[in-house]
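First comes the structure, then the notes that go with it.
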Amino acid sequence: MNKMATTDEIVRQYLERMGIEPAGLVIRNYNPEEYKKHYSSLRVYVEGSLDKYKGELQRVLWPIFVHAYLELVSKEYITQATEFFDTFQSDHSTHIKELKSLRVIAHAHHIKENELAQNFLSKKFPVQMTNTAYDIFIDFLQDKSFLLRIVNQHLNIEVGASHTEIGIPGFSSQELEEFNQQEVQLGHMPMDPAMRDEIEKKLNDEDNYRIAQTEAEYQAGTDDQKANGIVYQQPHSLQQEFMEKVKREQSSDAPERASIPLPSYKGSDIHAQVELIKDMSQRIELGPSTTLPSVCFYTFHNTHNSLNCISISEDSSLIAGGFSDSYIKLWSLKGEKLKGFQDFVNLSEINSASDLESKRENPGTDLKKLLGHSGPIFGLSFSPDNKYLVSCSEDRTVRLWSTDTYTNVVCYKGHNSPVWDVDFSPYGFYFATAGHDRTARLWSCDHIYPLRIFAGHLSDVDCVKFHPNSKYVITGSIDKSVRMWDVQRGSCFRIFSGHTGGIYCLAVSPDGRILASGGEDKTIMLWDLGDGKLLKQMIGHTDVIYSLDFSREGTILASGSADNTVRLWDVKKGISDDSFDMDSLSTNKVRSQDSETKPYSYMKSSAPTVIPTKDLMTTLLTKKTPVYKIYFTRRNLCLAAGAYCASTRM
Amino acid sequence: MDKIFPKDTIKNTADSIGITNLKDNAAAALALDAEYRIHEIIQEANKFMRHSKRTKLTGEDINNALRVINVDPLYGFTLNDNFKFQRTLAGQQELLFMDDDEYEFETLITSPMPKLPAEVTYTAHWLAVEGVQPAIPHNPPPPIEDTIPESSRKKAPPNAIVQVPNGVVTGTSDIELKPLVQHVISQELKVFYDKVTKTIKGGDSKMKVSVLYSLQHDTGLAQLLPYFVRFICEQIGQNIKKNTIVESILEMTNALINNTSLRLEPYLHHLVPAILTCVVRKKFGPDPDYHWKIRDSAALVLAKICDRFGMEYNTLQPRVIKTLLSALTDPTKSLSTHYGCIVALGALGREVVKTILVPNLKTYSEILEQRKNVDKNKAERCENAILEILPKLKGSSVPTDSDQNSQISDEDLQQRLADKIGVHLAKQVMDKISDNEVIMATLNC
């Protein structure tokens, strides 16, 4: 079979077989409504195709859209043309420039003057496709002479051997670059002034108390000590810490407070902030040149492959596991008993907090089982105040659980397919979900319907992560792209493409500037959220990457993978050094080609040989335990968790 | 792309549901569609597998995928058992099928409930402390290559002396073949090693118990193993005359053998001679009676080594037996050596007693008889050892002539026994072993 057969020939052969003169088609006039009908039928077809070919098929949509529009205009169906344009322009949001240019074409004679239109009409639009995708496409076109005509006249389909699919179909890299130039606000959200004042007051009290205490200790010290030259030391001021690390001057790109409405702060929020500052003052400074993190690993036993996801609460007091048997289990990491409330609590008896406490279970249990879902749990996330846990499941629902009463509080229905991932906003109140229905959604705890639906991914959205300033939501999909969405406007602001496999985990550096993504292709990519560019690739893992997290200063990235390792990466190394970057890219290419040509080679060779990039600092092996979750605590201790996999591969 | 489903498959399927006249092009179209659907199901199932953080597709994933694309799930395939396909030939074609056992409801219902699976639990440990992985049982032993810094390997000077772990220092000319094995051992392991050796050499008993427990159960000791083996060999060599710590050393060896995470195989050629020494050495220790005990425990350790590594090194046990037997049948060797041999052969199990020890007892009986006049005490020890071992034979063979046995008089029996194991021993056996079965078993050897 001639692999490079062009569309023309095939289409001509087909037309001859059908007894239609190829030339005869052009003359036939179409009802203007048909454009819409046929274009949407193609759209539906592409949407419904297999993920594997979707990307390739997607590419034909844009040229067909343009030509359909131009034909409508040229035939003076102006209202229909505008309607057509408005209905479908959202499909091509990355072609903003062209869309603007097309939009102004309102008369047939405009077409002759418009450079873009002439470009489209004079040249056949090149589309690359693999053999199978081409077969499928032609099969679809068989009885659609309308679309067949456009394809025949204006498209040049190049059928070739399979090539590695990188990037978003229909987007040239240049277009993507321009798209990613849109302005974003990555700064930290300023604190509520009233809240800030209150925190400062609290910290001041705390500082004074501490000073008094140290002084008292010093006074109590013997004269010997004084003689030995032990000098009175001023304890490190928490207020100072606060000034340095939290209360930043409003940076130019900080979002406005009003853009993300949050409930007004409570006394407990102040308390939490004070605790946070205290933790920060005790933080170990980590860095590739100073200290590497300590990693505490939680191994789960007897899971029999039923543990799907793990989450650790912000204050690292609780660990939650989501199981394929539809339940969630909560354990205390502090070794305390978990105390829910007694089965029957007579509300009339409760007059004070102490009454309520007396109604707690005694002595409590080591673990709490949360029942409510009716399908495997795929995602868990604790609220930043540790009071709630949100879970998502195959049963299409998302549930909010109280970690005080250990009961289900709200059930959110909205997704119409399994929900893969969920993430709480860093300021609480909001959470985002990602699902099999190709959308990500934004919810607030007090509404049972989604506030925003982020649609645009070509396939399942597999992971979701809030930006630290809560203004953006970042999603990763099996369509190999990462997108960043504005929470307020619901529109896409960044598209990152470069991965050669689905994306399963994301992490944003605490300063909000760097995004790390990892997944099926075993590489971690670092992206600059500001200018939308790839910073570097980090290679070393030999299996799917499940979890990523930055250390609290953002200098170290930790990754957990199915290859039973935790790896620590130097974030800064190689970003400024261009030669290094090129080096790593070329090795990656060699590797990916290898795996393409020999899909089973990895099963035969006992030790996959991956040459890690130089920014890999340490590889920490676990005992047959894939690493499900990596989390840096506020004091910069790295927590990792996974389920022990006893079964040996036969 | 190759088509997975030939149209014949579709035709066969159609046949099986009663459509016999399916046209070729219809079958081809259906085959194409079936392939597409299968692809779709696999694609969806794969997503479920990934999100369940597994690397193996299960029946449950397929069912979830079917549910997502609005198809009824298939029941009966969701067990987590590893399904194995069997091959068979039907006519010319090779077919694959799964074993499908039939169960009786009655037996299923009446059979006791299976045990509840263990509750999910978690354990915490340090995977790394400031970026360095501590050598604790929770962490896997680091790969050996990693413990040798690359720089030291490259720096190996051309005429270096190779320091191999067992302490043998060799200056070799074929230096380029061997890397400079500079074992880098972490501070923790060094401290641990010092602690262990100090305790074994003479620590308090409480400490010793915990050290032995650690040696037997810790999994992170692989790096220290060569040092331990060297320690054992050296200590046995130096202290055999004093015999005070030999017993502790044997206990330590025993603990290391019992540790399933250690690979002792490469060190057996050092260990076995040392242990054999403890069994058969002519004289050790100032205490005239203490050494019997040591021989006993050394024999047990020896038997354990043979038991654990005998499968892998099938020459191991024969070689040990040969050494023991040649010592036993040598009349010039001391009686204490003989005692060690007897005990060790006894410890190696019934089969060895039956095929090796008993057939040689007749020769030994004479040796023993002569020696008894000279050193009665030791000879009696040997006798007693044999008498203790013989009951092991009990029940080994079904006496073929059991009917006759009962009628045989004691004198007759003693005569037969004397033919078998010598006059002297036969007398002892008749005197001290009242169990007829043991005697018969001995006779039947």
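In a loop (DSSP other than H, G, I, E, B) and either in contact with a strand residue (DSSP E or B) (Cβ under 9 Å, 6 or more places away or on another chain) or within 14 Å of another protein chain (Cβ to nearest Cβ) (or both): does that describe residue B:116? Yes.
Is there a residue in the range A:473-486 that is surrounded by fewer than 21 Cβ atoms within 10 Å (Cβ to Cβ), out of contact with any Asp or Glu (no Cβ under 6 Å at 6 or more places or on another chain) and within 14 Å of another protein chain (Cβ to nearest Cβ)? No, that holds for no residue.
The criterion of at least 1 residues that are farther than 24 Å from residue B:272 by Cα is met, among helices (runs of 4 or more DSSP H) falling completely within the range B:182-251, by B:187-202, B:205-217.
Here residue B:195 meets each of (1) under 26 Å from the mean Cα position of the chain (by Cα); (2) surrounded by 14 or more Cβ atoms within 10 Å (Cβ to Cβ) with one exception, condition (1).
For (1) part of a helix (DSSP H, G or I); (2) basic (Lys, Arg); (3) over 37 Å from the mean Cα position of the chain (by Cα), each residue gets a yes or a no:
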{"position": "A:63", "(1), (2), (3)": "yes, no, no"}
{"position": "A:72", "(1), (2), (3)": "yes, no, yes"}
{"position": "A:76", "(1), (2), (3)": "no, no, yes"}
{"position": "A:92", "(1), (2), (3)": "yes, no, no"}
{"position": "A:118", "(1), (2), (3)": "yes, no, yes"}
{"position": "A:132", "(1), (2), (3)": "yes, no, no"}
{"position": "A:136", "(1), (2), (3)": "yes, no, no"}
{"position": "A:139", "(1), (2), (3)": "yes, no, no"}
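Against the condition part of a helix (DSSP H, G or I) and free of Cβ contacts under 8 Å to residues at least 60 places away in the same chain, how does residue B:291 come out, does it pass? So residue B:291 passes the test. Of the residues making up the range A:297-331, those that are within 14 Å of another protein chain (Cβ to nearest Cβ), out of contact with any Lys or Arg (no Cβ under 9 Å at 6 or more places or on another chain) and not β-branched (Val, Ile, Thr) are A:297, A:300, A:301, A:302, A:304, A:306, A:324, A:325, A:326. On the basis of being under 30 Å from residue A:496 (Cα atoms) and modelled with pLDDT of 85 or more, does residue A:90 make the cut? Against the criterion (under 30 Å from residue A:496 (Cα atoms) and modelled with pLDDT of 85 or more), residue A:90 does not qualify. Evaluation of residue A:348 against the conditions (1) surrounded by 10 or more Cβ atoms within 10 Å (Cβ to Cβ); (2) without any contact (Cβ under 8 Å) to a residue 12 or more places away in the chain; (3) not aliphatic (A, V, I, L, M) shows that the sole unmet condition is (1).
Would you point out the residue of the range A:427-466, among those that are hydroxyl-bearing (Ser, Thr, Tyr) and closer than 18 Å to residue A:504 by Cα, that is farthest from the chain's Cα centre (by Cα)? Ranking the candidates gives A:459 first.
Annotation: of all residues in the range B:81-97 being modelled with pLDDT under 75 and in contact with a strand residue (DSSP E or B) (Cβ under 9 Å, 6 or more places away or on another chain), the one that is nearest to the other protein chains (Cβ to nearest Cβ) is B:84. In the range A:618-635, which residues are at pLDDT 90 or above and more than 7 Å from every other protein chain (Cβ to nearest Cβ)? If the condition is that a residue be at pLDDT 90 or above and more than 7 Å from every other protein chain (Cβ to nearest Cβ), then A:619, A:625, A:627, A:629, A:630, A:631, A:632, A:633 are the ones that fit. Residue A:353 falls short of the stated requirement of being more than 14 Å from chain B (Cβ to nearest Cβ), out of contact with any helix residue (DSSP H, G or I) (no Cβ under 9 Å at 6 or more places or on another chain), of a type in the set (Gly, Ala, Ser) and surrounded by 13 or more Cβ atoms within 10 Å (Cβ to Cβ).
Determine if the range B:306-319 includes at least one residue that is of a type in the set (Val, Ile, Thr) and either in a helix (DSSP H, G or I) or within 25 Å of residue B:212 (Cβ to Cβ) (or both).
No, because not a single residue in the range B:306-319 is of a type in the set (Val, Ile, Thr) and either in a helix (DSSP H, G or I) or within 25 Å of residue B:212 (Cβ to Cβ) (or both).
Residues that are assigned to a loop (DSSP other than H, G, I, E, B) and closer than 16 Å to residue A:632 by Cα within the range A:311-331 comprise A:313, A:314, A:315, A:316, A:317, listed in sequence order. Of all residues in the range B:2-11, none are in contact with a helix residue (DSSP H, G or I) (Cβ under 6 Å, 6 or more places away or on another chain) and within 10 Å of chain A (Cβ to nearest Cβ). Summed over the range A:415-434, residues that are of a type in the set (Gly, Ala, Ser), away from chain B (no Cβ under 11 Å) and outside any loop (DSSP other than H, G, I, E, B) total 1. If you go through the range A:278-321 and pick out every residue that is touching a Gly at 6+ places or on another chain (Cβ under 7 Å) and among the small types (Gly, Ala, Ser), you end up with 0. Filtering the range B:119-143 to residues that are of a type in the set (A, V, I, L, M, F, W, C), more than 7 Å from every other protein chain (Cβ to nearest Cβ) and touching a strand residue (DSSP E or B) at 6+ places or on another chain (Cβ under 9 Å) leaves B:132, B:136. For the range B:33-80, the candidate set comprises residues that are acidic (Asp, Glu) and within 11 Å of chain A (Cβ to nearest Cβ); within that set, the residue that is farthest from residue B:101 (Cα to Cα) is B:33. Taken over the range A:515-545, residues that are under 19 Å from residue A:479 (Cβ atoms), touching a Ser or Thr at 6+ places or on another chain (Cβ under 7 Å) and within 14 Å of chain B (Cβ to nearest Cβ) amount to 5.
Within the range A:511-541, which residues are in a loop (DSSP other than H, G, I, E, B) and under 14 Å from residue A:499 (Cβ atoms)?
The answer is A:520, A:521, A:522, A:541.
The values are calculated or read from the model by the stated rules, or taken from the named source; none is laboratory data. In this text, all values refer to a predicted model and were calculated from it rather than measured experimentally. FYI the Cβ positions are ideal-geometry reconstructions off the backbone, even for glycines, and counts take in every protein chain you see.
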